[in-house]
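The structure appears below as structure tokens.
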Amino acid sequence: MSELILGLITGLLFGALLQQGRVLRFEKQVGAMLLQDMTILKFMLSAIIVGMIGINLFVDLGVISLKVKSTVIGANLIGGILFGSGWAVMGYCPGTSVGAIGEGRWHAVWAVLGMLVGAAVYAELYPAMKASVLTWGALGAITLPDVLRVSPWILIPLLTAAFVALFWMFEKKKL
Amino acid sequence: MRATWRPYIAGALAGVLAVLSVVLSTRMLGKPKYLGASTTFVRAAGIAERSVAPAHVEGNDYYQSKKVKVDWQMMLVVGILLGAFAASRIDGSFKAESVPPIWSDRFGTKIGVRAVGAFLGGIVAMFGARLAGGCPSGHGMSGLMQLSVSGYIAMAGFFGAGVLVAHLIYKKGGNQ
């Protein structure tokens, strides 16, 4: 039971922050894809900077462990391209679609219904995927520090600097 | 909140929330919970299908591997809806909208056209998210926070295809 309550409270806060960041809107999502409004990237990359410092710090302190999704180059890339294509049309990702409904953008209901059907279709085709795409370039649960053989604390400042440089460019170009 | 700083501040706080979520879930539940959303659509689809064809869901490997039940992440997704509702009512930004801007410039204001587009887009997107192993929350935010290789590959696919397809469909006509 505490699992469900913890999930709900986390979601309430996450939903409020997504809404306050103004990332739940179709025009912000598609605006980023049209390279006209980078609001969603500002939100995501800010979260990632804080998150990668915090997560790696607590991992080093032995408080938490990572839960890295497996790298399967074929599946990550082909799935990623399919997701991106559908994302451009519906204008929401799974998390923001439900948030958009909360904010009054009730047309996101169509996107949610489509995604439920898409999940069911995937469940039916999973055996075929498992025998093919899900084996193409399967490298296991790897991280950049594993691959590059460096400490996360070398990569974190470099990535942070790169993301901040992007922010500077976004603001300079008023995106 | 000044408009310029809004996405940065809200995003940074979401980063704090993501870290707190992993720490608290590890302490309270004995397992780390990273933010994510797309697996919930699998479980919700499974719950709906189970009500009409229970044996079929029982026999489906994918549903069995994801466990068809209400879990932490499904409550997170419900929370996102309620949290967005509350926050938008409090600051007055809640707005009932039947067809979004940009879309209406290109395809008009017919609800049916938007419904079909969003529905078909949703099918393709969720199939892709499940194949990739996550969405912009799970692969994007949680993956990149952990410096995961899969997160970077998936995000390149998400944005690469998103930019291309958005330019193809919205750049023609309209007032872009």
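The values are calculated or read from the model by the stated rules, or taken from the named source; none is laboratory data. Keep in mind that what you see is a predicted model, and the values were worked out from it rather than measured. Neighbour counts run over all protein chains shown; Cβ positions are idealised from the backbone, glycine included.
Descriptive notes on the structure:
Yes/no matrix, rows are residues, columns are (1) within 7 Å of another protein chain (Cβ to nearest Cβ); (2) under 14 Å from the mean Cα position of the chain (by Cα); (3) modelled with pLDDT of 95 or more:
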site: B:H139; (1), (2), (3): yes, yes, yes
site: B:S142; (1), (2), (3): no, yes, yes
site: B:Q146; (1), (2), (3): yes, no, yes
site: B:V149; (1), (2), (3): yes, no, yes
site: B:F159; (1), (2), (3): yes, no, yes
site: B:G162; (1), (2), (3): yes, no, yes
site: B:V165; (1), (2), (3): yes, no, yes
site: B:Y170; (1), (2), (3): yes, no, yes
site: B:G174; (1), (2), (3): no, no, no
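- Members of the range A:16-42 found to be part of a loop (DSSP other than H, G, I, E, B) and touching a residue at least 24 places away in the same chain (Cβ under 8 Å), listed by number: A:V23, A:L24, A:R25, A:L35, A:Q36, A:D37, A:M38
- Count of residues meeting criterion [surrounded by fewer than 18 Cβ atoms within 10 Å (Cβ to Cβ), within 7 Å of another protein chain (Cβ to nearest Cβ) and farther than 22 Å from A:L61 by Cβ] in the range B:5-25: 1
- Residue within the range A:1-13 that is of a type in the set (S, T, Y), part of a helix (DSSP H, G or I), at pLDDT 95 or above and surrounded by 21 or more Cβ atoms within 10 Å (Cβ to Cβ) present: yes
- Residue among B:A129, B:A156, B:A125 that alone is of a type in the set (G, A, S) and under 25 Å from B:S21 (Cα atoms): B:A129
- Consider the range B:26-54 and keep the residues that are closer than 30 Å to A:Y126 by Cα and among the polar types (S, T, N, Q). The one that is surrounded by the fewest Cβ atoms within 10 Å (Cβ to Cβ) is B:S51.
- Exactly one residue among A:L158, A:L77, A:L166 is over 20 Å from the mean Cα position of the chain (by Cα) and not in a loop (DSSP other than H, G, I, E, B), and that residue is A:L158.
- Restricted to the range A:43-66, and to residues there that are more than 7 Å from chain B (Cβ to nearest Cβ) and not in a helix (DSSP H, G or I), the residue that is surrounded by the fewest Cβ atoms within 10 Å (Cβ to Cβ) is A:G62.
- Scan of the range B:16-44 for residues that are under 17 Å from A:V68 (Cα atoms) and either assigned to a helix (DSSP H, G or I) or hydrophobic (A, V, I, L, M, F, W, C) (or both), ordered by number: B:A18, B:V19, B:S21, B:V22, B:V23, B:S25, B:T26, B:L35, B:A37, B:S38, B:T39
- Within the option set A:V121, A:V89, being under 30 Å from B:R6 (Cβ atoms), over 16 Å from the mean Cα position of the chain (by Cα) and in a helix (DSSP H, G or I) holds for one residue only, A:V89.
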